[in-house]
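Take a look at the structure set out below.
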Amino acid sequence: MKINDLATEDRPREKMMRIGAENLTNSELLAILIGSGSTEESAVDLMTRVLNDCQNSLKRLGRLSYNELITYHGIGDAKAVTIMAACELGKRRQQEQVEERKDLGSATAIYNFMHVRMQDLDVEEAWALLMNQNYKLIKAFRVSHGGLSETAVDVRIIMREALLNNATIVALCHNHPSNNASPSGADDRLTQIVKSACETMRIYFLDHLIITDGRYYSYREEGRVI
């Protein structure tokens, strides 16, 4: 059976456009790349066979040489090179992600990372930093803009993003455009709310930093987050 013989909703390209790439199998994604199979099997079946020989491991697939790939009936020069190019791009993307992950295990590291983003702001913004167990940054995102209070910062969003990104450590930071790094009562309340939410979800709350131009206030360094 060829891909064109499949029902429209089962064809990999149409399926990707309908439900997104993340919902396709590895065989279906690879089938999109190679475009066609052979007279005996579809592109999906061909790539399923190849992956089965690789114990369904993309890493093992990435180790196959050009000469190994073209031993499969239905894979010629162009398809072999396409598969190898896709695997190489995957390796390079992974390497970039490793290099981009910042170590944010200290208040100073958080300040240096966030000061660049906040130094020219004329309103308050709050950001959440999601990290893995080694204090490597997974994601940094803004949770409020133009004012800060325990109501402006939706703690549910922080927790949702932490869970979706498999983060085990969370830090919070916000700026004071006045350049006064001293925390306010609202800052104190927000710190406790986020810390409590993290404890409920068994996520380690690392710190809450107040960032100004040239200095910062760290709740952890001041002994107010234990």
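The values are calculated or read from the model by the stated rules, or taken from the named source; none is laboratory data. Values in this document were obtained by computation on a predicted structure and should not be read as measured data. We place every Cβ from the backbone using ideal geometry, glycine too, and count neighbours over all the protein chains shown.
The table that follows gives values for the structure above.
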read-out: Sole exception among (1) under 18 Å from Val225 (Cβ atoms); (2) outside any strand (DSSP E or B); (3) not β-branched (Val, Ile, Thr) for Asn166, by number; value: (1)
read-out: Which listed residue is β-branched (Val, Ile, Thr), within 30 Å of Ile203 (Cβ to Cβ) and modelled with pLDDT of 95 or more, from Thr71, Thr108; value: Thr108
read-out: Options Asn112, Asn67: the member that is exposed (fewer than 13 other Cβ atoms within 10 Å of the Cβ) and part of a helix (DSSP H, G or I); value: Asn67
read-out: Flag for Ser38 being in the same structural domain as Ile83 (by TED's automatic domain parsing), in contact with a Leu (Cβ under 8 Å, 6 or more places away or on another chain) and either crowded, with 19+ Cβ neighbours inside 10 Å or free of Cβ contacts under 8 Å to residues at least 24 places away in the same chain (or both); value: no
